[in-house]
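Everything below concerns the one structure shown next.
The values are calculated or read from the model by the stated rules, or taken from the named source; none is laboratory data. Every value quoted in this text rests on a predicted model; they were computed, and no experiment measured them. Cβ: placed from backbone, ideal geometry, glycine included. Neighbour counts: every protein chain shown. Please note that ligands, DNA and RNA were not included when accessible areas were found on the heavy atoms of the full protein model with its side chains. Shrake-Rupley method; radii C 1.70, N 1.55, O 1.52, S 1.80 Å.
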Amino acid sequence: MHSVTNYYIWYRVAGDSAAARAAVDAALHDVSVEAGVTGRVLVRRDDPRTWMETYEHVADVARFERALAAAVARHALPGHAEGGVRHVEPFVALP
């Protein structure tokens with residue numbers, strides 16, 4: 001059993017970057033309040049339309065995933081991603 005999981009969620013922003021940023025920031029806030037996990041949003045250095053949300057040291061995966069799913073729906077994040085696709089990739093440390 002793994003003690004913590006790190007989540008990396010990447011996507012290409014479609015449409016208005018400012019509106020996307022406001023929605024992502026609101027979702028990050030909600031996840032922080034609801035799951036106690038502080039996320040960050042990064043932009044790919046050579047492609048400003050590719051963004052990545054990072055959520056590290058997630059101990060309660062079920063609580064986090066519920067909070068993330070609710071925030072994604074509440075703030076309509078797929079609507080800000082090209083094709084509505086957000087790639088969610090969970091990672092754990094090697095033993």
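Below, the figures for the structure above:
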{"read-out": "Residue identified as open to solvent by 70 Å² or more (accessible area, probe 1.4 Å) and closer than 15 Å to Tyr8 by Cα among Val88, Val24, Val41", "value": "Val88"}
{"read-out": "Filtered residue count, region 59-75, keeping only those that are in a helix (DSSP H, G or I), loosely packed, with under 14 Cβ neighbours inside 10 Å and of a type outside the set (Lys, Arg)", "value": "3"}
{"read-out": "Criterion (assigned to a strand (DSSP E or B), open to solvent by less than 60 Å² (accessible area, probe 1.4 Å) and farther than 26 Å from Leu94 by Cβ) met by exactly one of Thr50, Thr54", "value": "Thr50"}
{"read-out": "Some residue of region 8-28 being of a type in the set (A, V, I, L, M, F, W, C), part of a strand (DSSP E or B) and free of Cβ contacts under 8 Å to residues at least 40 places away in the same chain", "value": "no"}
